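Structure first, commentary second.
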Amino acid sequence: GEELMRRVAFENPEVIEKYKAAQQSVVLLTAHTCNWEWLLLAAGARFGIPIDAVYKTLRLQVVDAFTRDMRSRFGGNPIPFENFVFELLKRAGQARAYGLLADQTPVKRMPKYWTKFLNQDTAFFLGPERIARYLDAPVLYVEMKRAGVGKYAVKLHVLAEPPYEDEDAGVKIAEGYARGLEATIRAHPADWLWIHNKWKYARPPDE
């Protein structure tokens, strides 16, 4: 834990400390930038709260390496996206964090939000808003940047906070995440996992 925290520094930890003090869960949207396996591990160690990784079943291998470690060291638990309501019910009343690698591509049948991203029509998940509404939790974009050899800096950006009375909260969150991630990638293009294809299918005319 100490070695990890020397390598992953949080620029504005007070953002999460505030929610933790209020016993409020948070939803953390991350991406395949830099060393994302270390990111949730470091956050769990730094803030002393369990961090559950929410993942798409088909992409289990993406999160497998760090979720095994998270389970044993920081009380986190991997949750299949399809089961998240059931899993959240079991954790009701506990202040936790839920981390999503939100730059994955939604499968075609899932609800999604389309926006211009790196000059292309790109689909993003609407799922984080469902989790946020259920938990009455704020949603944060967690930006990870390289800060030297084997060292990283993390900045927390608040995308939305409850109460979620606006029907367009999902769009606001997805758009805010897309813009934040796009800025991160444009600033440090080599740190994004480009092999992870965001453009598996074209935008249908009716979306």
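The values are calculated or read from the model by the stated rules, or taken from the named source; none is laboratory data. Here the structure is a predicted model, which is why all the values come from computation and not from measurement. When we count neighbours, we look across all protein chains shown, and the Cβ atoms used for this are built from the backbone with ideal geometry, even at glycine. Each accessible area value is taken on the protein alone, full model and side chains, heavy atoms only, with ligands, DNA and RNA left out. Shrake-Rupley method; radii C 1.70, N 1.55, O 1.52, S 1.80 Å.
Please go through the range 8-45 and pick out each residue that is basic (Lys, Arg) and at pLDDT below 95. Break it down into steps so the answer makes sense when it comes.
Keep residues of the range 8-45 that are basic (Lys, Arg), which gives 18, 20.
Across the range 8-45, the qualifying residue is only 20.
Quick one: would you say residue 111 is closer than 19 Å to residue 168 by Cβ and open to solvent by less than 40 Å² (accessible area, probe 1.4 Å)? Talk me through it step by step, then tell me what you get.
Numbers: closer than 19 Å to residue 168 by Cβ: yes; open to solvent by less than 40 Å² (accessible area, probe 1.4 Å): no.
Judged against the criteria, residue 111 is not a match.
Conditions first: (1) modelled with pLDDT under 85; (2) not in a helix (DSSP H, G or I). Residue 66 passes all but one, so which condition is the exception?
(2)
Hey, can you tell me all the residues within the range 85-105 that are within 15 Å of residue 129 (Cα to Cα) and crowded, with 19+ Cβ neighbours inside 10 Å? Give the derivation first.
Residues of the range 85-105 within 15 Å of residue 129 (Cα to Cα): 85, 88, 97-103.
The answer is 88, 97, 98, 99, 100, 101, 102, 103.
Is there a residue being surrounded by fewer than 18 Cβ atoms within 10 Å (Cβ to Cβ), β-branched (Val, Ile, Thr), over 20 Å from residue 40 (Cα atoms) and modelled with pLDDT under 95 anywhere in the range 177-197?
Within the range 177-197, one or more residues are surrounded by fewer than 18 Cβ atoms within 10 Å (Cβ to Cβ), β-branched (Val, Ile, Thr), over 20 Å from residue 40 (Cα atoms) and modelled with pLDDT under 95.
When the range 185-207 is examined, which residues are found to be hydrophobic (A, V, I, L, M, F, W, C) and within 15 Å of residue 107 (Cβ to Cβ)? Break it down stepwise before answering.
So the first thing to find is which residues in the range 185-207 are hydrophobic (A, V, I, L, M, F, W, C), and the list is 185, 187, 190, 192-195, 199, 202.
Within the range 185-207, 199, 202 qualify.
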